[in-house]
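Reading through the structure tokens given below for one structure.
Each reported figure results from applying straightforward, stated rules to the coordinates on display, with no laboratory input. Keep in mind that what you see is a predicted model, and the values were worked out from it rather than measured. Note that each Cβ is placed from the backbone with ideal geometry, even for glycine, and that neighbours are counted across all protein chains shown.
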Amino acid sequence: MNPPQSDVMKVNLEPVSDDQNLGFIACLTIDRPDKLNALNAEVMASLKTVCAWVEESDDVRVLVITGAPPNPPAEGKRTKPHAFVAGADITEFAGAGSDVIRERFRNNAVEALWNLSKPTIAMVDGFALGGGCEVACSCDVRIASNRSTFGTPEINLGLIPGYGATQRLERLVGYGKAHEMIMTGDMVPAEEAHRIGLVNHVVAPEDLEQTVMEMARRIGTKSSHALRVGKQAVRAALDEGLTDGVEIEAIAFADLFDSEDKEIGVQAFMNRETPEWKHR
Ligand code: COA
């Protein structure tokens with residue numbers, strides 16, 4: 001099982017547990033630290049390839065996505081700041097017209113990430129700006145270090161977000177705060193991002209990886225079938241009204257009663273055993 005790699009993207013596989021049958025957590029690192037991991041065309045192509053691989057690979061249970069830490073500074077230069085992703089690569093916007101951008105942003109990698117049926121976690125350490133904030137918003141869960149900063153500064157370029165923040169950020173932080181972020185372009189520190197619902201947890205930088213991996217492992221031990229159904233049902237809350245959404249949940253919940261994993265889970269509870277899922 002060899003994950004795709006590229007010059008700008010590394011993918012490591014971490015076992016969910018000592019039990020090899022439980023599969024792997026795919027840890028994807030966007031690797032352009034000298035450019036604060038900005039999303040250029042190469043990164044976006046790699047991200048799309050990795051997402052397709054994650055979806056197809058039966059052994060991958062959870063995807064964790066992060067940005068590479070800064071390289072040691074060149075002599076006489078300062079260390080560059082920590083970044084998850086500091087946005088789309090702005091140099092690729094120079095001179096670009098709408099035809100180029102429509103083509104580039106159609107079926108883009110952020111949508112591929114959003115459309116994964118498997119659980120996804122953004123591990124954010126540093127700047128998550130513009131497309132970086134949008135990559136994070138396209139994951140199911142966001143966990144950030146306390147030195148992280150979020151924002152949608154596209155307005156400062158005479159633009160608006162283009163990877164879904166007007167919709168997905170709005171769903172996380174609400175109408176008023178999304179307007180404020182998109183209209184001012186102001187940076188939002190991690191603690192505030194936590195308070196407004198943009199991130200799930202904020203921890204010290206040295207605790208970040210462990211916190212994320214513990215959650216990824218916990219999720220990775222669940223029934224992948226139940227996880228998939230649960231993700232679809234929660235997503236329905238974004239597109240449907242409450243009455244239709246509750247109906248979607250009722251159908252999904254009842255359908256799970258015909259799944260082998262439901263019987264495995266219920267029997268394991270009653271026998272005080274750890275469930276051995278059919279759909280690992
Ligand atoms: N696109 C392309 N390059 C970027 C980038 C981006 N979105 N963000 C940072 N970089 C590059 C810088 O050009 C610089 O490259 P260089 O060292 O070769 O000159 C390097 O990353 C380090 O960034 P720098 O600006 O020197 O760091 P800083 O600590 O002074 O500032 C930021 C950090 C995040 C405040 C600043 O880089 C910034 O505002 N970036 C753009 C954020 C943005 O607008 N994102 C939305 C894009 S749509």
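The table below lists the values:
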item	result
Residues whose placed amide H lies under 5 Å from that of VAL16, excluding near-sequence neighbours	GLY23, PHE24, ILE25
Between 0 and 90°, nearest 10: helix 175-184 axis offset from the chain longest Cα axis	30
Cα-based Lys pair tally, the chain, threshold under 13 Å, eight or more apart or on separate chains	7
Net +/- balance of residues flanking ILE196 in space, Cβ distance below 13 Å, scoring K and R +1, D and E -1	-1
Charge tally in the Cβ shell below 13 Å around ARG104, where Lys, Arg are +1 and Asp, Glu are -1, ARG104 excluded	-3
Kirkwood Rh, Cα atoms: Rg over Rh of the stretch 158-229	1.08
Most to least packed among 49-60, 266-277, 159-170 [average Cβ atoms within 10 Å]	159-170, 49-60, 266-277
Cβ-based net charge around LYS231, under 10 Å, with every Lys or Arg adding one and every Asp or Glu removing one	+2
Estimated FRET transfer efficiency (MET187, GLN167; beta-carbon r; R0 22 Å; 0.05)	0.55
Cut-off under 5 Å, modelled amide H: who pairs with PHE127 long-range	ALA83, PHE84, THR149
R0 of 35 Å, Cβ-Cβ distance GLU103-GLU206: FRET efficiency to nearest 0.05	0.25
Kirkwood Rh, Cα atoms: Rg over Rh of the chain	0.99
